[in-house]
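Student: First, the structure itself, so that you have it in front of you.
The values are calculated or read from the model by the stated rules, or taken from the named source; none is laboratory data. It should be emphasised that the depicted structure is a prediction, and the values quoted were computed from it without experimental measurement. FYI the Cβ positions are ideal-geometry reconstructions off the backbone, even for glycines, and counts take in every protein chain you see. Just so you know, the surface numbers come from the protein's heavy atoms only, side chains and all, with ligands and any DNA or RNA stripped out. Shrake-Rupley method; radii C 1.70, N 1.55, O 1.52, S 1.80 Å.
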Amino acid sequence: MKLKIPVVWSLLGFFLAHFNASAAPAATGWFSWRGPNQNGSSAETNLPTTLDASHPLWTADFPGQSTAVAYNGRIYIMGYLGEGPDLQEGVACFDANTGKKLWQKLYLDFLSDTIYTRYSTSSPTIDPETGNVYIQDTQGIFVGFTADGKVLWEHSLMEEFGRLTFPNGRTASPVVDKDLVITRGITANWGAQGPAGDRFYAFDKMTGQAVWASTPGGRPKDNSYSHPVLAWLDGQRVFYSATGDGAVVCANARTGQPIFQIPLFKAGINASVLLHKDDEIIAIYGTPYEPGQMVGLKIPHVTPTNSTDPVIVPRSQVELWDNELRTSASSPILVGDRVYVTSEVGFLVAVDALTGKLLWKLQLGTEQRNSCPLFADGKIYAPILNDPSLSASVGQEGAEGGHGGLYVIAPGDTDAKVLSHIVLDGRCYGTPTAYNGRIYMQTTKKLYCFGSATPASAAFETADAAPDDKWPEPGPARSLQIKPSELLLQPGGVVSFHVRELDAKGLTVKEIDDPKSVQWASFIPPTAKVKAKMNATFNPDGQLLAAPEKVPSAGAFEATADGLKGYMRGRVLPGLPIRQDFESIKLTETTSNTVETPTPFAYPPLPWIGARFKFDVRDKDGNKCLVKTIDNPFFQRATVFLGTPDLKNYTVEADVMSEGNKRKMSTVGVINQRYRVSLKGNEQVLETTSNEELMHIAVPFHWVANEWYHLKTRVDVAPDGSGVVRGKAWKKGDPEPEAWTSEVPIAHANLNGCPGLFGFSPQNMRVFIDNVAVTSN
């Protein structure tokens, strides 16, 4: 994590900012991709009825699958530029009137599984109080910016929290709630969060410090980018969302505590839910290969029995209605008691939100993916993935090809009338945005602006105002909330904490101004698989000080103040050098799965990210080493991170081996500065890659199963930002070759990144890793 402002920031400044914001008129704009109403409807007027693709007000060469957000005369949107290993993704800011690009911040993809240029599926989010902008990139770069593009803070969710990526590239859009910015993703972190889960994370919107993490769903079957909907339930600030386990969940937005889970589907649900009349959730699900439904669910009022597990509510207890509509990723919108949705097979459909009855259908195309309709000025603006008037098929050419359609439709009670229809350059995955009398729409080729050359308001004030939620007064204090709730220190590092008292519903009662009044004690959760402590102590000023010894550690602390308790957890990582031969680890556990006889093992080092349940420490021929597990096919591919994302200019090496025979081996590799160098057994090559579709350079290398080899790599970056990724391998015990087996030039190199390990066992062939060393060049 790179903080651009001090970790300890002024509480006075914070309260002044909130006081001034509350005294000012409500900010207007389109702050998140679902809009201020969180349902895809806008109060905008004077919007164009007839669109002309040949004569838009302006266009910008910034392709993507995103939805624009708008504030103070500016448009912010995700997009990507470049090709192959030079492809970069991020956010750009445009003048809403002229289309002039004011600033952009782009990041290289790395170590992701994204294919077919499925980038920029998320959208930025604007904070109405400050105008700050928040994004999450496909590879998990999560950043807070000022309105002018200055970085406030930055996280690499993949390297810090174990965020996983998937070929479909679906990436969550952040949500701002008061002082928090909430995002999500499937992560395999460390400790109790080591098992892969569809998790939500809240961070302080000004500092980027972690506040809470929550896993309200079950074991994920797919990733989900369903957008959380904020609301109030039984006096609690909550969010509702669909999840990767095929459920609809509710959790406390101030603490992350799961409240309920309603299982619906055997695959992940990507469409966002709707909140109707504060007592009904409307959800839709399905895949191109699995039938789905739209359902209306009565919101249950339940109380969890603990802080980590939701109440499982059977669908049969809360279902109000269902119908046959389905969609894999396109979200419905809500206008009064009407739901509008583009179904999987390309029909725009109107549904009665009270009964689920289908009121009318209008065929726009033959298929739909991410795009959602927009309702504004009495009209529906409905994109379609591929325009039916063109017969060209994109096929395998990628998401950037083809032509999408954009319809303007007048909806009625029993039918709908097409007012305008245009064909756009590029496929339509994003959703239109209405702002200040204009319509903004991004395709996989460019960003379009339609509307009058004369803006509806010179002051950029629109009819869409940020909601003015009335927050209730808190009750008696019941617990403490610690910020940061999760941290990473180097030996000798120090961090200060902000501690607040919360009531039973998670509302802030007061901030504890004197850090010396908080007592801290090392804490080992009773359910911990590894009983370990963080090698750090609290000083008299209430700061956590990591011990100077260069030894990795991880653990938790319990805070006590005014008879209340709260918890935080953290890791100490010593930087370079990193060495691990596993010999000191005791094999105290025994396997109990169906694919092998009971075998002694130990969990991998606790501070490593993404290792739990994917790797074990085991004995191999009298030598302890890291072994890729094969009992769970969901984890057959695993990346482990050993250090911090800011490391650079280092060499990674390890002894590696694959089980198998001449026809059946696995893949094993090491990660250096966001590049992976791997021995691929079935292909008999040494491969250098980051994203395998954008860059994979392989050279022949013959190696055999059940033999140890030594793998070594380094990344050298020149002053102009170019670089060379070098790798070599040789049989263990032989002299090191003088020449590198592979040297891959990179025009725009990653300047830093976390060292790591990689194992892929798709054919139940284990991989083994030993004698890991990361040293400075």
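Student: Give me the tail of P(r) for the stretch 661-777 as a percent: Cα-Cα pairs with distance above 18 Å. Working shown, then result.
Tutor: On the way: 3379 of 6786 pairs.
Value for the stretch 661-777 (Cα pairs over 18 Å): 50 percent.
Student: Which of the listed residues, Leu51, Gly144, Met78, is farthest toward the dipole's positive end in the stretch 33-191, when Lys, Arg count +1 and Asp, Glu count -1 at the beta-carbon?
Tutor: Of Leu51, Gly144, Met78, it is Leu51.
Student: So, one more: Kirkwood hydrodynamic radius, computed over distinct alpha-carbon pairs, for the stretch 606-687: how many Å, to one decimal?
Tutor: Details: mean 1/r = 0.0700 Å⁻¹.
After inverting the pairwise mean of 1/r, the radius is 14.3 Å.
Student: Please tell me which of these pairs span more than 23 angstrom C-alpha to C-alpha: Lys531/Lys586; Lys221/Lys628; Lys221/Lys624; Lys205/Lys483; Lys178/Lys446; Lys586/Lys614? Please list the in-between numbers first.
Tutor: Details: Lys531/Lys586 13 Å; Lys221/Lys628 21 Å; Lys221/Lys624 33 Å; Lys205/Lys483 12 Å; Lys178/Lys446 33 Å; Lys586/Lys614 18 Å.
The answer is Lys221/Lys624; Lys178/Lys446.
Student: Please get the size of the charge dipole for the stretch 254-307, origin at its Cα centre, with Cβ charges of +1 on Lys and Arg and -1 on Asp and Glu, quoted in debye to the nearest 20.
Tutor: So the dipole magnitude of the stretch 254-307 works out to roughly 100 debye.
Student: First select every other residue whose beta carbon is under 12 angstrom from the beta carbon of Tyr603; then total the charges, Lys and Arg +1, Asp and Glu -1. Write down the numbers at each step before the final one.
Tutor: Values: positive: Lys529, Lys531, Lys586, Arg612, Lys614, Arg618; negative: Glu589, Asp616.
Once positives and negatives cancel, what remains is +4.
Student: Suppose we keep just the DSSP beta bridges with both residues in the chain; what percent of those would be antiparallel, to 5?
Tutor: Details: 216 of 225 bridges.
In the chain, DSSP labels about 95 percent of beta bridges as antiparallel.
Student: Alpha carbon centre of the stretch 523-560 versus the stretch 669-691: separation in Å?
Tutor: 35 Å
Student: Place the peptides 570-579, 729-738, 326-335 in order of packing, highest mean first, counting for every residue the other Cβ atoms within 10 Å and averaging per peptide.
Tutor: The densest-packed peptide leads the list: 326-335, 570-579, 729-738.
Student: Heavy atoms of the protein only, probe of 1.4 Å, neighbouring chains included. What is the accessible area of Glu583 in Å², nearest 10?
Tutor: The value for Glu583 is about 80 Å².
Student: Taking a ≥ b ≥ c as the square roots of the Cα gyration tensor eigenvalues, with a/c under 1.5 meaning rounded and otherwise prolate when a/b beats b/c, else oblate, which class fits the stretch 57-200?
Tutor: Values: a/c = 2.27, a/b = 1.36, b/c = 1.67.
Verdict is oblate for the stretch 57-200.
Student: I've got another one for you. Kindly state, as a whole number, the per residue volume in cubic angstrom of the convex hull around the alpha carbon atoms of the stretch 508-633.
Tutor: Cα-based convex hull of the stretch 508-633, divided per residue, equals 158 Å³.
Student: OK, next. Considering the dipole of the chain built from charges on the beta carbon (Lys and Arg +1, Asp and Glu -1) around the Cα centre, which of Tyr289, Pro300, Thr594 is farthest to its positive end?
Tutor: Result: Thr594, furthest along the dipole toward the positive end.
Student: Working from Cα positions, state the angle (0 to 90°, nearest 10) between the long axis of helix 11-23 and the longest principal axis of the chain.
Tutor: Taking Cα atoms only, the helix is inclined about 20 degrees.
Student: Assigning unit charges at the beta carbon (Lys, Arg +1; Asp, Glu -1) and nothing else, what dipole magnitude in debye, to the nearest 20, does the chain show about its Cα centre? Could the numbers behind the result be given before it?
Tutor: Working: 71 positive and 81 negative charges, 212 e Å.
That gives a dipole near 1020 debye.
Student: Mind checking the dipole of the stretch 622-777: about its Cα centre, +1 per Lys or Arg Cβ, -1 per Asp or Glu Cβ, Debye to the nearest 20? Could the numbers behind the result be given before it?
Tutor: Numbers: 17 positive and 17 negative charges, 79 e Å.
Taking the Cα centre of the stretch 622-777 as origin, the dipole is about 380 debye.
Student: So, one more: Answer rounded, prolate or oblate for the stretch 714-768, using the Cα gyration tensor with square roots of eigenvalues a ≥ b ≥ c: rounded when a/c is under 1.5, else prolate when a/b is larger than b/c, else oblate. Walk me through the numbers on the way to the answer.
Tutor: Values: a/c = 2.83, a/b = 1.47, b/c = 1.93.
Here the stretch 714-768 falls in the oblate category.
Student: Could you tell me which residue out of Ser517, Val499, Tyr440 lies farthest along the dipole of the stretch 399-526 toward its positive end? Charges go on the beta carbon: Lys and Arg +1, Asp and Glu -1, centred on the Cα centre.
Tutor: Value: Tyr440.
Student: If you don't mind, there's one more thing I want to ask. Cα centroids of the stretch 561-633 and the stretch 198-225: how far apart, whole angstrom?
Tutor: First find each Cα centre; the distance between them is then 23 Å.
Student: Determine the relative contact order of the chain: mean sequence separation of Cα pairs under 8 Å and six or more apart, normalised by residue count, in whole percent. Write out the running numbers ahead of the final one.
Tutor: Values: 2273 pairs, mean separation 86.6, N = 777.
Answer for the chain is 11 percent.
Student: Moving on to the next point. Going highest first, how would you order 689-700, 71-82 by mean Cβ packing within 10 Å? Could you put the intermediate results ahead of the total?
Tutor: Details: 689-700: 17.8, 71-82: 22.6.
Ranked from most to least packed, the peptides come out as 71-82, 689-700.
Student: Take the stretch 270-367, compute every pairwise Cα distance, and split them into 10 Å bins from 0; I just need the percent in each bin.
Tutor: 16, 46, 27, 10, 2
Student: Taking the structure as given and computing Cα Rg over 2.2 N^0.38 Å, which label from [x] 1.01; [y] 0.95; [z] 1.06 fits?
Tutor: Matching the structure shown: [y].
Student: Whole number in Å², please: accessible area per residue of the chain, 1.4 Å probe, ligands, DNA and RNA not counted. Each step should come with its number before you reach the end.
Tutor: Details: 28960 Å² over 777 residues.
The answer is 37 Å² per residue.
Student: Next question, about the same structure. Could you please state how large a percent of the accessible area of the chain is carbon and sulfur, counting protein chains only and using a 1.4 Å probe? Can you show the working numbers first?
Tutor: Details: 14860 of 28960 Å².
Answer for the chain is 51 percent, counting heavy atoms of protein chains only.
Student: Rounded, prolate or oblate: which fits the stretch 157-302 when a ≥ b ≥ c are the square roots of the eigenvalues of the alpha-carbon gyration tensor, with rounded for a/c under 1.5 and prolate only if a/b beats b/c?
Tutor: On the way: a/c = 1.78, a/b = 1.11, b/c = 1.60.
Oblate.
Student: Over every pair of different alpha-carbon atoms in the stretch 594-653, take the mean of 1/r and invert it; report that Kirkwood radius in Å.
Tutor: On the way: mean 1/r = 0.0756 Å⁻¹.
One decimal place: 13.2 Å for the Kirkwood radius.
Student: Which whole-number percentage describes the relative contact order of the stretch 261-367, with Cα contacts under 8 Å and a sequence gap of 6 or more? It would help to have the intermediate numbers written out before the result.
Tutor: Values: 231 pairs, mean separation 25.6, N = 107.
Normalised by residue count, the contact order of the stretch 261-367 is 24 percent.
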